[in-house]
Every structure is written in structure tokens, then in C-alpha cells.
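K.L.:
Got a structure for you, questions after.
The values are calculated or read from the model by the stated rules, or taken from the named source; none is laboratory data. Here the structure is a predicted model, which is why all the values come from computation and not from measurement. So basically every Cβ, Gly included, is an ideal-geometry build from the backbone, and we count neighbours across all protein chains shown. Accessible surface is based on the protein model in full, side chains and every heavy atom, while ligands, DNA and RNA are left aside. Shrake-Rupley method; radii C 1.70, N 1.55, O 1.52, S 1.80 Å.
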Amino acid sequence: VPLEETSLPLFFGWFLLPGIQDKVRCTSMDFLKTLDTLEAFKKHLPDFTVEAEKEVDLEQYFQANGALHCTTKFCDYGKAEGAKEYADKSAVKELYGSAFELSLSALFVTPRTVGARVSLSEDQLTLWPADAEKEAVPLVPAAATLPAGSRAHITLGCAEGVEAKQTGFDLLEILALQQEGQEGELVEEMELGSLAYYGKGRWLLSLREPVSAQACFSSLYG
Ligand code: A2P
């Protein structure tokens with residue numbers, strides 16, 4: 001019996017190849033190391049953490065999780081809504097196991113998560129589930145009006161007790177603010193790009209040079 005008939009995976013997504021995983025992790029670490037030393041970050045620390053701390057070591061604050069990937073469809077072994085329909089899509093079947101170049105266009109940090117925004121190409125959008133942004137509407141109402149692919153991201157770390165799926169919601173919140181015309185408070189031009197503050201402990205670094213990341217479209221059974 002083929003595996004796909006017995007069960008669906010935990011999720012489908014693009015899995016970064018090992019070399020580029022290291023590069024992305026290093027870039028993220030460098031960013032966190034710099035961010036928590038900035039005066040602007042210290043000034044907004046009360047927005048970042050409710051604890052009455054004077055300093056935060058962001059590298060300790062976030063726990064890294066497994067292999068870096070950009071989830072397309074969370075299937076929960078078939079229990080998630082639309083899992084079977086997604087697995088049956090012709091693009092998913094045709095492109096399963098293929099190599100892609102993902103474009104990482106920004107890094108973001110919130111009191112809950114740290115992640116990278118993935119800007120999907122037209123081809124990559126054929127693998128993006130139609131309901132990915134709508135699923136977030138109960139938590140991020142403005143997600144209803146954001147373009148398909150807005151939620152695409154790589155989770156780089158989560159604060160203690162925070163689930164990985166939060167990263168996509170945090171990204172959507174920032175993009176919703178941008179769409180409303182809030183450009184964020186430009187804080188600093190960093191070597192990696194420009195850093196902006198969006199309130200409530202939300203930081204976005206738009207990369208000067210997007211990071212191109214080789215990735216394989218596949219799935220994880222976990
Ligand atoms: P993300 O894609 O934001 O990193 P877990 O380890 O919690 O089982 O999750 C496995 C992967 O599936 C993670 O990458 C996670 O988040 C993603 N994920 C978990 N739950 C959901 C969900 N309800 N919707 C979308 N993605 C999810």
C-alpha cells in the first residue's frame with residue numbers, strides 16, 4: 001500500500017539544504033546579538049517582555065527548533081482541514097522532491113518568535129494553499145486582505161512555551177500594519193538592512209540583499 005494512502009504527513013514544506021541552514025542560522029544569530037545591544041531596543045524593552053528585566057539576551061530568549069523549513073501546508077497526519085485536498089493537488093504531486101530557491105527578504109522578532117519572511121515567486125505560489133492567510137483571520141483579522149503567500153516564513157526560534165505556528169501570525173500582524181500604511185519607526189540602518197519598529201515589541205529588518213536559500217519541497221512525517 002503506498003504511504004500516501006495510509007497517512008498524510010505532519011506537514012508539507014520547503015526544507016533548506018544543510019549549508020544554507022547554517023548560513024541562515026548565523027545571520028539570525030548576528031541580528032539577535034546586535035539587536036539586544038541597540039539603545040532603541042533597550043528603550044522599547046518593556047514592550048518586548050512583561051518581566052521587569054533591564055536586559056534580555058535574545059540568543060538565550062529564543063529556543064531554536066529542528067531543521068529550518070518553510071511550511072506550506074500543515075496536515076497533522078490528515079486531521080487538518082484541507083489536508084487531503086492539498087496532498088492531491090497536481091502541483092504538489094509534480095513538484096514533490098524538487099529543488100527551489102527561496103528568497104528570504106526580511107527577519108522579524110517579536111516577544112514570541114523570531115523568523116524570516118519568505119517572498120514566494122509565481123512558481124512557488126502554485127504550492128501555496130489558498131486558505132493559508134484566511135486561517136489566520138481569527139487571530140489577525142487584517143490577514144483576510146493580504147495577498148496569498150504573505151504568511152510564508154521560516155521559524156528561527158520561539159520563546160519558551162510558544163508554538164511554532166505563532167511565527168506566521170506574528171509576520172501577518174506586521175504586514176497588516178504595513179498595508180494600513182504604517183511603515184514602522186525607522187530605527188537604524190544596519191549592515192544587513194534597515195530596522196523598523198512596529199510597536200508592541202515587533203521588529204522588522206528588511207534585508208538589503210535578500211538571502212537566496214536552496215530548498216527541497218518535501219514533507220515531514222515526524
Ligand atoms: P511554522 O511553520 O510556523 O514553523 P509542530 O512542531 O508544532 O508540530 O509544527 C510543525 C511545523 O508545522 C512547524 O513548522 C509549525 O509552524 C507548523 N505548524 C504547526 N501547526 C500549524 C498550524 N495550525 N498551521 C500552520 N502551520 C502549523
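K.L.:
Condition (residue is under 19 Å from the mean Cα position of the chain (by Cα), touching a residue at least 12 places away in the same chain (Cβ under 8 Å) and under 24 Å from residue 163 (Cβ atoms)) applied to the range 42-55: is it met by at least one residue? First the steps, then the outcome.
P.N.:
The initial filter retains those residues of the range 42-55 that are under 19 Å from the mean Cα position of the chain (by Cα), namely 48.
Checking which are touching a residue at least 12 places away in the same chain (Cβ under 8 Å) leaves us with 48.
With the extra rule that they be under 24 Å from residue 163 (Cβ atoms), the set shrinks to 48.
The answer is yes; a qualifying residue exists.
K.L.:
Moving on. What are the pairs with Cβ atoms under 7 angstrom where one residue, in the range 56-83, is acidic (Asp, Glu) and the other, located anywhere, is within 11 Å of the ligand (Cβ to nearest atom) and open to solvent by 30 Å² or more (accessible area, probe 1.4 Å)? Sequence gap at least six, or different chains.
P.N.:
76/10
K.L.:
Let me ask something else. Yes or no: the range 65-76 includes at least one residue that is open to solvent by 30 Å² or more (accessible area, probe 1.4 Å) and hydrophobic (A, V, I, L, M, F, W, C).
P.N.:
Yes, that holds for at least one residue.
K.L.:
Looking at the range 134-156 only, could you name the residues that are within 14 Å of the ligand (Cβ to nearest atom) and out of contact with any helix residue (DSSP H, G or I) (no Cβ under 6 Å at 6 or more places or on another chain)?
P.N.:
Once the filter is applied, which keeps residues that are within 14 Å of the ligand (Cβ to nearest atom) and out of contact with any helix residue (DSSP H, G or I) (no Cβ under 6 Å at 6 or more places or on another chain), the range 134-156 yields 134, 135, 138, 152, 154.
K.L.:
Modelled with pLDDT under 95 and open to solvent by 10 Å² or more (accessible area, probe 1.4 Å), is that true of residue 89? Outline the logic, then answer.
P.N.:
Working: modelled with pLDDT under 95: no; open to solvent by 10 Å² or more (accessible area, probe 1.4 Å): yes.
When the stated conditions are applied, residue 89 does not pass them.
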